[in-house]
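These notes concern the structure reproduced below.
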Amino acid sequence: MKGPEHEDAWDAYLIPGTDVLVNKLGITTNAGLRSAENDLVEVRIAELRSSPIIIRQTFDGRHLKALHRWLFQDVYHWAGEFRTVGIAKAGESFVPPLNIEQPLQHVATRIAELDQLRSIENEDMPEVVAYLYDYLNYAHPFREGNGRTQREFFDQLLARSGRGLDWERIDMEDLHNACHSARAFDDLGPLVEIVSNILIERPG
């Protein structure tokens, strides 16, 4: 759904006369694009996880851009670039494009203050991760691919303290609903519960 900011720029993301994102693959249907995108991004995720040093892990906006560029480099010309349009989902607007840097800077500052979460005990980790996840979700810095980029960001962050998140334990719809509760109703409870259920220890 388009937002009120940069209306002209919105159309630049779409194939003229359609609601399909312009892509490197020449695909002109949403179903075809979703299928190809999923396959190509899965390959890039596998490569990234086998060699995390591909991306410089600074845990800030630059880090997010680098992750998005890596994951979506085969699909979109604008991979790794912050969106220039306002967007909303299920009637809920995300931060306007001109303000994207503000929540990202807040997240980066908190991560640094918490020694990349190494100073956080396991019992406190779900609440801390849920808080940071909510902020990044509200920023929603990219036109497409925010969720996958964000999940890789947190996987890399938690790996610094020998922990991780097992995303396969949850339904993505439950995650989306939890994010909606956090943003629309200021209720982090469902998101904290999800993080508690998927937080794992990683052997050193």
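For the chain, what is the largest minus smallest coordinate of the Cα atoms on each principal axis, given in angstrom and ordered from greatest to least?
So the three principal-axis extents are 52, 38, 29 Å.
Quick check: pseudo-label points 7 Å beyond the Cα along Cα→Cβ at Asp171 and Asp124, how many nm apart are they?
Placing both labels 7 Å along Cα→Cβ, they lie 3.4 nm apart.
Sort Asp174, Asp39, Asp186 so that the residue with the fewest other Cβ atoms within 10 Å of its own Cβ comes first and the one with the most comes last.
Least crowded to most crowded, the residues run Asp186, Asp39, Asp174.
Thr28 to Glu81: FRET efficiency via 1/(1 + (r/R0)^6), r the Cβ-Cβ distance, R0 22 Å, to the nearest 0.05?
Values: r = 22 Å, r/R0 = 1.02.
With a Förster radius of 22 Å, E is 0.50.
Going by how many other Cβ atoms sit within 10 Å of their own, how do Met125, Met172 line up, fewest first?
Result, fewest neighbours first: Met172, Met125.
Report the residue, chosen from Gly26, Gly164, Gly17, that carries the largest GNM mean-square fluctuation when the chain is represented by alpha-carbon nodes joined by springs under 10 Å.
Gly17
Counting other beta carbons within 10 Å of each residue's own, what order do Arg183, Arg83, Arg34 fall into, fewest first?
Details: Arg183 19, Arg83 22, Arg34 11.
Taking fewest neighbouring Cβ atoms as first place, the list is Arg34, Arg183, Arg83.
Every read-out reported here was derived from the displayed coordinates using simple, explicitly stated rules and does not represent laboratory data. Owing to the predicted nature of the structure, the values given are computational and were not obtained by experimental measurement. Backbone-built Cβ (ideal geometry, glycine too); neighbour counts: all protein chains shown.
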